[in-house]
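First up is the structure itself, then whatever we jot down about it.
Throughout, read-outs are computed from the coordinates displayed, never taken from laboratory work. A quick note: this is a predicted structure, and the numbers were derived from the prediction, not measured. Because the Cβ atoms are built from the backbone with ideal geometry, glycine has one as well, and the counts that use them run over all protein chains shown.
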Amino acid sequence: MKQDWKPGTMIYPLPAVLVSCGKEESEYNIITVAWTGTICTNPPMCYISVRPERHSYEIIKRNMEFVINLTTKDMAFATDWCGVRSGRDYHKFEEMKLTPGRCTVVNAPLIEESPLCIECRVKEIVSLGSHDMFIADVVNVRADDRNLNPETGKLELAEANPLVYVHGGYYELGEKIGKFGWSVEKKKT
């Protein structure tokens, strides 16, 4: 039997990402975001939703660029910490011993410890209520070569042990149970 609950955001799991921003090193900041996702494949577009009162909000709005850094089990503590501490009070890269790296296209820093860094340029900001959505073009992706299959060149992101967020908790992925299209694949005889 199902129960009715008040309307809420219950689409889980979501990636727990660290969004890095800032044009100059003096304004570099990191914010933890779970309200993120893909909007379009071609052209590649994604979004992050941020509360206007967050320190990173004005930095992103001013520079119109940010980087979505996927996180791992090893980055779980830093991911949580960067979400509960303000960049107004802390230099998060220093505090969490994370390394700011140079992006190829945008001026915001990437996080070297991240297995995948998605460089984004804001296309539109939509005010929605508690959060504003930054709709962005993906202008470059930086992948850690440790997660590339040496034989195929394919990105094996699951091998990085990505961190996900589910209703207030952080989790690692479990065992692979299938792949895209496996349910309709022709069986080899």
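Structure summary
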item: GNM flexibility winner over the chain from Glu27, Glu65, Glu53 (Cα, springs under 10 Å); result: Glu53
item: Overall Cα dimensions of the chain, principal axis frame, Å, largest first; result: 62, 49, 33
item: GNM top mover of Glu151, Glu119, Glu95 - the chain, alpha-carbon springs below 10 Å; result: Glu151
item: Cβ-placed point charges (K, R +1; D, E -1), dipole of segment 14-172 about Cα centre in debye, nearest 20; result: 360
item: Per-residue [θ]222 nm for the chain (sum of -39500 (n - 2.57) over DSSP H runs n ≥ 4, rounded to 500); result: -3000 deg cm²/dmol
item: Equivalent ellipsoid semi-axes - Cα gyration tensor, segment 87-189, angstrom; result: 31, 20, 18
item: Packing-based exposure ordering (other Cβ within 10 Å, fewest first) of Trp182, Trp81; result: Trp182, Trp81
item: Fluctuation leader among Asn63, Asn42, Asn161 - the chain, Gaussian network, Cα springs under 10 angstrom; result: Asn42
item: Total lysine pairs whose alpha carbons fall under 23 Å of each other in segment 10-159 (8 or more apart, or interchain); result: 9
item: Kirkwood Rh, angstrom, segment 141-189 [1 / mean 1/r, Cα pairs]; result: 13.7
